[in-house]
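First comes the structure, then the notes that go with it.
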Amino acid sequence: MSVPRTYVSKIENEKACPTLGSLERLAGALRVRVSDLLTTGRTTEDDIRELSQDEFISELMPYMHRLNGVQWMSVLTQVRELTAMPRRSA
């Protein structure tokens, strides 16, 4: 790819967002299409199934269909912030 290994590592660990040029070079090096690099092979149903197994999320599910778009975004933002912050122990 003609880039430092550390850059590739950052992309793999989601610490850097590759440029389109980098994606094209990576796809060429791996002999795949760029679109193959951007898909996970998972379906939305798989993601929903996995999320519903989480105790906290499963408790929220019955209420989610009652929310409007603004409320949905608010809940998603809160959940993202909760998962991004390290947990403090007492």
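Only the coordinates and a few stated rules stand behind these numbers; no lab work does. Computed from a prediction, not measured in an experiment: that's the story for all the values here.
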Review point. How large is the helix-only mean residue ellipticity at 222 nm for the chain, computed as the sum of -39500 (n - 2.57) over DSSP H runs with n ≥ 4, divided by its residue count, in deg cm²/dmol to the nearest 500?
Key: -19000 deg cm²/dmol
Point to revise | Span per principal axis, largest first, for the Cα atoms of the chain (Å) | key: 49, 35, 25
Revision key, fill the gap. For region 3-12, in residue order, the Karplus 3J(HN,Hα) values (coefficients 6.51, -1.76, 1.60; θ = phi - 60°; whole Hz; Gly and Pro = x) are 9, x, 4, 5, 5, 4, 4, 5, 5, 4
Review point. Can you give the angle from 0 to 90° between the axis of helix 69-84 and the longest principal axis of the chain, with both taken from C-alpha atoms, to the nearest 10?
Key: 70
Study note, to complete from the structure: Sorted by chain and then number, the residues having a modelled amide H within less than 5 Å of the amide H of A16, at least 5 places away or on another chain, are I11
Exercise for review: Work out how much length V34 to S9 would gain on full extension: take 0.36 nm times their residue separation and subtract the Cα-Cα distance, in nm to one decimal.
Suggested key: 7.2 nm
Practice item. Could you tell me how many degrees, from 0 to 90 and to the nearest 10, lie between the Cα long axis of helix 20-30 and the main elongation axis, the longest principal axis, of the Cα atoms of the chain? Key: 70
